[in-house]
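Just so it is clear, none of the values below were taken in a lab; they were calculated from the coordinates. What you see is a predicted model, and the numbers here were worked out from it, not measured in a lab. Glycine also receives a Cβ, built like all others from the backbone with ideal geometry; neighbour counts cover every protein chain displayed.
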């Protein structure tokens with residue numbers, strides 16, 4: 001059974017029994033006088049993977065930054081576990097962020113710190129854990145990411161794929177309730193992307209966190225998602241399970257699916273013809 | 001800039017207090033600047049000794065060389081030149097480090113991990129700069145006075161007793177107090193301007209981003225800090241004299 005409409009938005013089909021972790025209500029945002037988001041409504045169900053897709057420059061990362069409280073909306077509300085974070089003080093916002101983990105597009109590892117110290121940082125700064133407990137936790141997270149033996153390396157000494165895995169280990173260090181991924185596979189080849197997706201899938205099932213992924217990697221990302229959200233023309237065009245998304249008759253969604261997936265299929269066909 | 005300073009000072013007094021990051025920053029801003037301070041202090045004192053000797057000789061007052069060197073260094077040259085050296089060595093590095101962290105979303109990452117960048121990143125630098133600057137100024141003054149003595153006494157034949165006695169007789173507590181006040185204020189100004197320029201790199205709309213942006217704000221931080229030090233040197237002298 002589906003709840004048709006988030007705050008009156010008929011384009012959402014989030015199941016009615018889902019508990020909502022994050023909700024954007026009529027969010028508007030402009031940069032330099034140019035409107036990027038116009039009455040954006042979106043619900044992110046708890047424990048699920050919601051993928052936000054759309055063409056470049058549409059404002060997908062801006063949505064993510066609103067959810068993280070890095071950007072405040074000009075109008076509308078950003079509710080995280082029921083709290084409107086746009087109205088919170090810095091201290092209160094920091095409290096909400098204790099439930100967050102983030103994997104940035106360019107990873108944003110602390111380049112003057114080793115892999116170990118990068119993952120240990122949130123534990124050292126945000127918990128009262130002893131150095132022994134921190135070591136146990138960090139090594140467990142690094143092992144989960146297949147990074148055993150990389151403790152003393154610096155980010156610059158790692159490949160792009162390894163850096164992403166360290167970023168994911170750091171994001172998961174405190175077992176957050178919500179993990180945000182901003183273009184997680186940017187700059188990775190197909191093999192490394194698949195590795196990262198495998199690790200994401202494994203940890204998400206294991207730890208049960210809510211995942212919000214901004215991605216261009218269509219249609220591969222559909223396999224990981226519970227809900228797919230399309231941002232186009234400054235509004236959310238739809239938020240629904242991937243199967244439903246691919247069958248949608250909504251003209252903008254239809255056009256997006258045909259453009260992105262059609263291109264992939266035709267390029268694959270060209271490659272096959274070329275091989276023959 | 002004012003709100004940024006207030007936020008930094010508030011983060012300094014807000015618990016928890018961690019000693020290790022402050023010690024690391026004192027090592028970076030203070031200990032690692034000591035060689036350049038020794039070098040600059042020695043040569044400044046030597047030049048003062050040389051110029052002072054030939055000027056004072058015209059009036060038959062070579063015996064006042066110790067006084068001239070010591071007072072000039074303690075009240076003016078020591079704090080100012082130490083601050084300028086620290087700007088070049090540590091201020092520029094602080095600005096570039098924070099600017100790169102801003103550029104590569106490391107500061108956003110701290111925010112997202114619920115770690116206060118003011119407390120974690122900036123407070124240790126503020127404490128370390130305010131502690132290091134008076135200590136470096138002290139080293140500069142002592143080495144400068146010795147440099148002046150080497151030139152005056154050893155090379156130019158001024159009586160050692162006259163050099164030292166002139167210094168003891170003319171340097172009073174108010175001179176030392178002015179030197180301390182200046183070095184404390186300069187320590188705060190240097191770290192404030194350098195940190196703020198790097199921290200607000202993303203808001204700077206006067207040129208390119210990325211590496212060019214870091215280079216631009218670092219240059220701007222060095223120029224602005226240097227000019228500010230000279231202006232505040234005059235203001236403090238005018239108030240305290």
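Some observations on this one:
- Sequence ranges B:179-192, A:94-107, A:213-226, B:226-239, ranked by mean other-Cβ count within 10 angstrom, highest first: B:179-192, A:94-107, A:213-226, B:226-239
- Helical runs assigned H by DSSP (4 residues or longer) give chain B a calculated mean residue ellipticity at 222 nm of -24000 deg cm²/dmol, each run adding -39500 (n - 2.57) before division by the residue total.
- Per-residue Cβ neighbour rank within 10 angstrom, fewest leading, A:233, A:84, B:175: A:233, A:84, B:175
- Projected over every direction and averaged, the convex hull enclosing the alpha-carbon atoms of the protein assembly as shown yields 31.5 nm².
- Spin-label zone in the range B:177-200 - amide nitrogen under 20 Å from a point set 7 Å from the Cα of residue B:215 along the C-beta vector: B:197-200
- When you restrict to C-alpha pairs under 8 Å that are six or more residues apart and normalise by the size of chain A, the relative contact order lands at 24 percent.
- Helical runs (DSSP H, four residues minimum) scored at -39500 (n - 2.57) apiece and divided by the length of chain A put the mean residue ellipticity at 222 nm at -12000 deg cm²/dmol.
- Within 10 Å of the Cβ of each residue in A:62-70, the mean number of Cβ atoms contributed by other protein chains is 1.
- Exercise: per-residue mean of other protein chain Cβ atoms within 10 Å, B:113-119: 6
- Cβ-Cβ FRET estimate between residue B:146 and residue B:19, R0 fixed at 35 Å, reported to 0.05: 0.60
- Counting every other Cβ atom within 10 Å of each residue's Cβ, A:239, B:8, B:95 order from fewest to most as B:8, A:239, B:95.
- Per residue of A:92-102, other chain Cβ atoms within 10 Å of the residue Cβ number 3 on average.
- 10 °C / 1.306 mPa s Stokes-Einstein diffusion coefficient of chain A, Kirkwood radius on C-alpha pairs, µm²/s: 81 µm²/s
- Per residue, the Cα convex hull of the range A:109-175 amounts to 74 Å³.
- By the Cα gyration tensor, the range B:173-241 has an equivalent ellipsoid whose semi-axes, rounded to whole angstrom, run 32, 10, 8 from largest to smallest.
- For the range B:74-173, pairs of C-alpha atoms spaced more than 19 angstrom apart make up 60 percent of the total.
- Working note: Cα gyration tensor of the range A:43-88, eigenvalues times five, square-rooted, sorted largest first, giving semi-axes of 19, 16, 7 Å.
- Computed from the Kirkwood radius of its Cα pairs, the Stokes-Einstein diffusion coefficient for the range B:1-159 at 20 °C and 1.002 mPa s stands at 121 µm²/s.
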